[in-house]
Amino acid sequence: MVLGSVVAFLGAMFANAAGVGGGGLFVPLFRLLIGFDVKTSAALSKSMIMGGAVASALYNLPSKHPVLDKPLIDYDLALLIQPMLLLGISIGVMCNVMFPDWILTVLLVAVLTGMAFKTFNKGACTWSTESEQKAHCCDTGEEGFVSNSRTEPSSSLEQGLLAKSEQCAPQEGLPSSIKWANICLLCTVWTVYLILQLLKSGAATCGRLYWILTVLQAPVSIGATAIGVWRIYRRGDFGKEKPASGPTCEQLFLYPLYAVLAGVVGGLLGIGGGMILAPLFLELGIIPQVTSATTTFIVVFSSSMSVVEFYLLGRLPVRFAAYFTTLCGIAALVGLHATKLFIRRYGRTSFIIFILAAIIGSSAIILGIIGGFADIRRYIAGEYMGFHSLCED
């Protein structure tokens, strides 16, 4: 138990600093080091993810965006992503029921390995860009840390804007107000989805009520996303970390589609949304600090929904859950503060990306080994290894 707690603390500290839940590390931890069964390990893992995500969100609420005059958490991006992510997860979970375990294991290792390499390359590019910017600051005699670099080299116009005003010195000032309207809308979607999932769990699989509740998830997600798109477009200030950018139809409509695909992959392979969203946000050009803060904010909703479901179904050991949730929350605060101090001292936001790549790669190795041995045991035992029907008992 002591060793498990130490490993859980370290895992939660690095996972929340990178903006991911860490479920790929927590589930093997509970199974191998502490000895819980698969279902209990999944429930406790979700409670740990929720504890870290809530602590991270509270820590990041007063924080200011390193480049723009806005909060560090991108509430607009969360509003575009979260409702459609839930819809994608629901679709992915249904596909997960039908796919054989060995195919899921192969897909899981392939996807996570590819994401780990791609994220590592992104970190290497960011490191190179930061080195060039630090050299520029030294050449011009300016002091300060380089915490506002993009994950890719920017255009010449944007590079000129940022190099002069943001890249060589930190900005001070109070953060913009929290967007409570966005949070209320996300909480409404969370509540509706929770009710639908609980009703669905009590309905006969593939019965009329089951399909009605399943289909109702689509208008809820689409409606919430449409409201978000309308609010953002009307306000006219949405863009990818650029001081002069405005809303574009391409961004407003592509981001929800990306969220659906990320949710399908996450639900199909049984991995958390944070491990999918964080690399996606980096690919979209969102800077590492905003990626980490926004991802953990989104994970609050998905993880807490799972925890409530596990509790109502009687699958959550409350004492252990309270202990590990608190432990993970403290670890998250330590990790976030340490990362903030590191970036302030060395001016290397690529540190976040490298942590993310390490966590994804470690999850690929651990889950691949555990899943591979389990599949081999099923094959030796002569169990059925083909596709299943969604409607079978």
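Summary table
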{"quantity": "Neighbours by Cβ (under 7 Å, 6+ apart or cross-chain): first from the range 180-209, within 17 Å of LEU390 (Cβ to Cβ); second open to solvent by less than 30 Å² (accessible area, probe 1.4 Å) and assigned to a helix (DSSP H, G or I)", "calculated": "LYS200/TYR210; LYS200/LEU213; LYS200/THR214; ALA203/TYR210; ALA203/LEU213; ALA204/TYR210"}
{"quantity": "Some residue of the range 113-135 being open to solvent by 50 Å² or more (accessible area, probe 1.4 Å), of a type outside the set (A, V, I, L, M, F, W, C) and more than 20 Å from LEU282 (Cβ to Cβ)", "calculated": "yes"}
{"quantity": "PRO66 being outside any helix (DSSP H, G or I) and modelled with pLDDT of 80 or more", "calculated": "yes"}
{"quantity": "Meets criteria (within 22 Å of GLY372 (Cβ to Cβ) and surrounded by fewer than 20 Cβ atoms within 10 Å (Cβ to Cβ)) for VAL97", "calculated": "yes"}
{"quantity": "Any hit, the range 356-367, residues being free of Cβ contacts under 8 Å to residues at least 24 places away in the same chain and either part of a helix (DSSP H, G or I) or surrounded by fewer than 17 Cβ atoms within 10 Å (Cβ to Cβ) (or both)", "calculated": "yes"}
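The values are calculated or read from the model by the stated rules, or taken from the named source; none is laboratory data. Remember, it's a predicted structure, so these values are computed and weren't measured experimentally. Glycine gets a Cβ as well: all are built from the backbone with ideal geometry, and neighbour counts include every protein chain shown. For accessibility, only protein heavy atoms count, side chains too; no ligands or nucleic acids. Shrake-Rupley method; radii C 1.70, N 1.55, O 1.52, S 1.80 Å.
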